[in-house]
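The values are calculated or read from the model by the stated rules, or taken from the named source; none is laboratory data. Just so it is clear, the structure is predicted and the values come from calculations on it, not from any experiment. Here the Cβ positions follow ideal geometry from the backbone for every residue, glycine too, while neighbour counts run over all protein chains shown.
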Amino acid sequence: MSHELRTPLAVITLTTDNLLTFYERLDEPRRRRMLEALHSQAALLSDLIEDVLQVSRIDAGRTSSARAWVDLSQLVQLELEACRTLAQQKAQHLSGECQPEVQVWANAQQLRRAVGNLLSNAIKFTPVEGCITCSCSIETTGAGPRALVRVADTGMGIPAEDLPHIFERFYRSHIEIDIPGTGLGLAIAQDLAKMQCGEITVVSTPGVGSTFTLALPLTQEAFA
């Protein structure tokens, strides 16, 4: 964890030192590239800190227990739009298909964070020009009718030996070594899903892609 925090800090420090020392000798395109690097690393550091703070809030029981009826279809559409810029930076095709008026009893902020983490995870591990789809529907499962959010990607996939561990905090597969992150995003998403009496499952094929499914109850009785 300390390594993940130190890396963007080191890049920010080195880049600002170079800007301060050589500013007059740098041409405008070079200055812009360095400023873009600073912005990227600052955003990464902000995400890392927010993940750590979210875990701290969950462990301390400081998350809100307030719930209301949430339009899951609308929530998914909002998260798709929020993630669209990230996908465009990698020329990825991001699409959604939502059954209208899927209502669930949940904490909207926590649920939106869970869906957002699944989408950002798919974007991170899907290559340039890859495809990510997000659907929202009501389906009958072994537990009865449930609201399902599926996030499917054409990414690198997850090795079978890693699948039992991907929702563990700080767990990172050996194939992720060159991809920035803390190993907290999926763990947080699962924790937040369980707070809504839901669960996230995954199926994955290495070299083909992964599909994460968030299943949620349709009634308040699940919280009794």
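Odds and ends about this structure:
- Flag for CYS98 being within 16 Å of the chain's Cα centre (by Cα), assigned by TED's automatic domain parsing to the domain that holds THR211 and more than 21 Å from GLN54 (Cβ to Cβ): no
- Every residue from the stretch 29-80 that is touching a Pro at 6+ places or on another chain (Cβ under 6 Å) and outside the structural domain of ILE188 (by TED's automatic domain parsing): GLN41, LEU44, LEU45
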